[in-house]
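Read the structure below first, then the notes.
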Amino acid sequence: MAMFAGVAVGLAALSLEPPHSTPLWPMVALAIGGLGALEARHRYPPLFFAAATVLSLLSLAVGSGAESMLAVIAVYTAGVDSRGRVAWTRFGISMASGALGALALSVRGTIGPPILGLAPRTLASDALLNWANAYVVLAAVLLIAALLGTNVGYRRRHIGELIDRADRLARERDQRVKIAGALERERIAREMHDVIAHSLSVMIAVSAGAHAAADERPAEAKVAMARVAETGRRTLGEVRRLLGGVRGDSRGTAREHAPQPDASNLPSLAAEFLATGLPVRLTVTGAHSHDPGLGLAVYRIVQESLTNVLRHAQQTRSATVTVAWTVTEVTILVRDTGPLLHPPAHAHDGRGILGMRERATLYAGTIEAGPHEDGGWRVFARLRRGDPQP
């Protein structure tokens, strides 16, 4: 704005020099209009372009020509702020307006009024040549402004798109990190529940048996308490392994970093429950999968089901576990006999059943849990063999 004001004052001073001076009031009015148009340049771009076009024509017709700068600024601004079609449309309008401005200059050069203190020529035959010379200059200046504006605008938009893309990728990365963290926390919580709930149930059952046999069979009570201690140490090792994985801790014993259990560990699991006084009959048919995730899911489902039997069933009970492997799927059936001590009202909402359902969902499977007609509780799971579903 300051540059335009300086140019307007300088050209007005040249136009007012005698003997061929330009009237003062049109130049003052056009300068004020130009300053107002520049003030609205960024707030109202279409209004600025229209005002710049009109003021440029009027300035070339009756003023000092200083306002022709506005047309150049308008074309440059259109290239910077607008897409290609809009920018080049406004450039075409400015070219047409420039033709009229060149005509006004050619007329002033022949018959007046004078511009910049120059006397008009009296030979009308020079008008066409004057128009052509003026238009070539105006067109070249407008074309240079349009090219510069579109180039700057393209670079700004390209850089803006790159920044937006980088911000979007950063947000997506942060979201993925949060989701991964939530999934990892849920996985750890599920594993911790399976490990701790199972181990505590076993320890409670064995401790109760040891307490009952302490007076009459102290040797058996000592063996049972040793089993409780061993179960506690094993559970502590598994908890350390889980938490060590979260902390990225590389220290620990081989037991703490032992592989996760899978379907091949089902016999030892059944033997562990048998040691607590729960008769378990295990039947496995077919070849188990080598997918460690599927094997862990089968192991945890059986473990959780037997743990629920140990916690909720009467003393006079037994359990049967049937695992059937086929080419396409694996089915798990866990049943216990005898009435329940109390119905597991939380079975559909508790973390144990919920964890089994989540494990089954990973393998496009289903879980059915509920009382069966012969008494006791029944858990039936069907999991698809193959890669886990995303």
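The values are calculated or read from the model by the stated rules, or taken from the named source; none is laboratory data. Worth saying up front: this structure is predicted, and the values here are computed from it rather than measured. Neighbour counts are summed over all protein chains in view; Cβ atoms, including those assigned to glycine, are modelled from backbone coordinates with ideal geometry.
At a glance:
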read-out: In region 34-83, the residues that are hydrophobic (A, V, I, L, M, F, W, C), buried (at least 24 other Cβ atoms within 10 Å of the Cβ) and more than 28 Å from Arg157 (Cα to Cα); value: Leu55, Leu60, Ala66
read-out: Search result, residues across region 153-193 that are basic (Lys, Arg) and under 16 Å from the mean Cα position of the chain (by Cα); value: Arg165, Arg168, Arg171, Arg173, Arg176, Lys178
read-out: Answer residue from region 92-107, given it is surrounded by fewer than 21 Cβ atoms within 10 Å (Cβ to Cβ) and under 47 Å from the mean Cα position of the chain (by Cα) and is farthest from Leu35 (Cα to Cα) among those; value: Gly92
read-out: Number of the exception - Val141 against (1) surrounded by 15 or more Cβ atoms within 10 Å (Cβ to Cβ); (2) modelled with pLDDT of 80 or more; (3) over 48 Å from the mean Cα position of the chain (by Cα); value: (3)
read-out: Residue ID - nearest to Val323 (Cα to Cα), chosen from residues in region 265-285 that are surrounded by 13 or more Cβ atoms within 10 Å (Cβ to Cβ) and at pLDDT 85 or above; value: Val284
read-out: Unique match (being in contact with a helix residue (DSSP H, G or I) (Cβ under 8 Å, 6 or more places away or on another chain) and either of a type in the set (Asp, Glu) or not in a helix (DSSP H, G or I) (or both)) among Ala71, Ala61, Ala66; value: Ala66
